[in-house]
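The values are calculated or read from the model by the stated rules, or taken from the named source; none is laboratory data. Predicted model only: the values in this text are computed from it and were never measured. Neighbour counts run over all protein chains shown; Cβ positions are idealised from the backbone, glycine included.
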Amino acid sequence: MHQTGYAGRTKSLAFFAASLLAVRTTFFLLFPSSAQAASLNPPALVARAAVLMEAETGTVLAAKNADEKLPIASTTKIMTALLALERGKLDERITISEEAAYQEGSSMYTSPGETYTLEDLLYGLLLNSGNDAAWAIAEHISGSVPAFVAEMNQRARELGATNTHFTNPSGLPDPGHYSTARDLALITKAALARSDFRRIVSTKARKVPWPAKGEEKLLINHNRLLWRYEGADGVKTGYTNEARQCLVASATRNGQSLIAVILRSEGNSVWTDAERLLDYGFANFTTRTLVRAGEGFGEVKVKGGEVASVPVQAARGLTVTVPKEKSNQLNRSVELSDDLTAPVAAGRKLGEVIFTLAGEEIGRVPLVAAADVARPLRRSWWFWALVAVGVYTLGYSLVSWDLRRRRQRVRWKRLIARYRDRE
């Protein structure tokens, strides 16, 4: 966020040096085992807090003060955009209110009474960091800013961002407005799962209408990494005097996407902090799909079934992010039931596939029956009992019908004889 100008951003050389010294021993890895992390050396950062997360699996690859509650400035707008995309339509028309147009701080320069599409305002929100756009979006989506903020907090809880609390949709300073590096990564992970969000935050520049002047205005993305870092594709910058330099950055290389969250950095260090984290992630970790939902795992024999065996498949998929140096130590083992008797219902758990990395378990997936297997009726005593009852009932019905038919014939013959005798 760029709400108080750049005048107060420069610190003395002594403060900067002290900041560098303060981070020497506070950065640590959050990974399943210390053995896996032992040979990895995460970079030193100026930022007070940071997280590096793999965007598909949600695996935290590195963290520094990941759960410390801090002001987050305009990175707040990631949640604002996520809610807008989930609950609105891009072509909806939104009229700018006076309260929205006159919001303090960074702006996309709207005027009261102007009308924009939700898509235009989202570009103004995420590229130009417009507080006016944030307010207008909140009023449109929920009817009022307080109602929208309540929905922001509810959505944060749903995403597992339990150390986050919003008081406004833009990130303006407020003691009750805060989040953590880990929570921001979780919120960003959900947002990046949407193609419309990815498209907007990866846009370097965009022209949108400027109704008050009858022309177009050019919005320039404040995220410098889009120009200077290979594979950069998002996400959002932020700045206030209280929050200092903040950045949520994303990048994709060779199909792997990473999220770097930087909170309370200083000056240009916000960019180098993000670059160092992303470089570290791409250099040291790989993301592998170990099994896909519905993937076949052979068959299991079934006793007493209409068929002799049932196909087995994975109940769900499993994708993991692991250190590259350990990736050749991935192994899997399959455990299947060897004593199965019909009937078997599709979806019944028949075993598991277990994955290990360097001897330590990293995940398991249930294996289930891919089809129903019924017990044949011809092999059941009650089947023959039903057959016998059916034959008896049918025979009895036929005999009864024949007797009724014979008796009817006799009656007709007697009636005819009586009629003839009268003649």
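Sub-6 Å Cβ pairs linking a first residue in the range 276-302 that is in the same structural domain as Gln256 (by TED's automatic domain parsing) and surrounded by fewer than 20 Cβ atoms within 10 Å (Cβ to Cβ) to a second residue that is basic (Lys, Arg) and modelled with pLDDT under 95, at least 6 apart or interchain, number zero. Every residue in the range 318-338 that is part of a helix (DSSP H, G or I) and in contact (Cβ under 8 Å) with a residue 60 or more places away in the chain, please. Correct list: Glu325, Lys326. Entry remark, the range 157-171: residues being touching a residue at least 40 places away in the same chain (Cβ under 8 Å), of a type in the set (A, V, I, L, M, F, W, C) and surrounded by fewer than 23 Cβ atoms within 10 Å (Cβ to Cβ) number 0 in total. Of all residues in the range 104-133, those that are crowded, with 22+ Cβ neighbours inside 10 Å and more than 23 Å from Gly234 (Cα to Cα) total 2. Here Gly347 meets each of (1) at pLDDT 95 or above; (2) buried (at least 16 other Cβ atoms within 10 Å of the Cβ) with one exception, condition (2). Of all the criteria given as (1) in contact with a Leu (Cβ under 8 Å, 6 or more places away or on another chain); (2) in a strand (DSSP E or B), the one not satisfied by Tyr280 is (2). Tally time: how many residues in the range 159-199 are farther than 18 Å from Ala55 by Cβ and either of a type in the set (D, E, K, R) or not assigned by TED's automatic domain parsing to the domain that holds Ala55 (or both)? Number satisfying all stated conditions: 1.
The requirement of being among the basic types (Lys, Arg), over 23 Å from Leu40 (Cβ atoms) and modelled with pLDDT of 95 or more is fulfilled nowhere in the range 269-283; no residue meets it. Considering the range 318-331, and only residues there that are loosely packed, with under 15 Cβ neighbours inside 10 Å and out of contact with any Ser or Thr (no Cβ under 7 Å at 6 or more places or on another chain), the residue that is nearest to Asn254 (Cα to Cα) turns out to be Asn328. Remark: pairs (first residue in the range 209-228, without any contact (Cβ under 8 Å) to a residue 40 or more places away in the chain and over 13 Å from Leu127 (Cβ atoms); second residue crowded, with 18+ Cβ neighbours inside 10 Å and aliphatic (A, V, I, L, M); Cβ separation under 7 Å; 6+ apart in sequence or on different chains) = Glu216/Val208.
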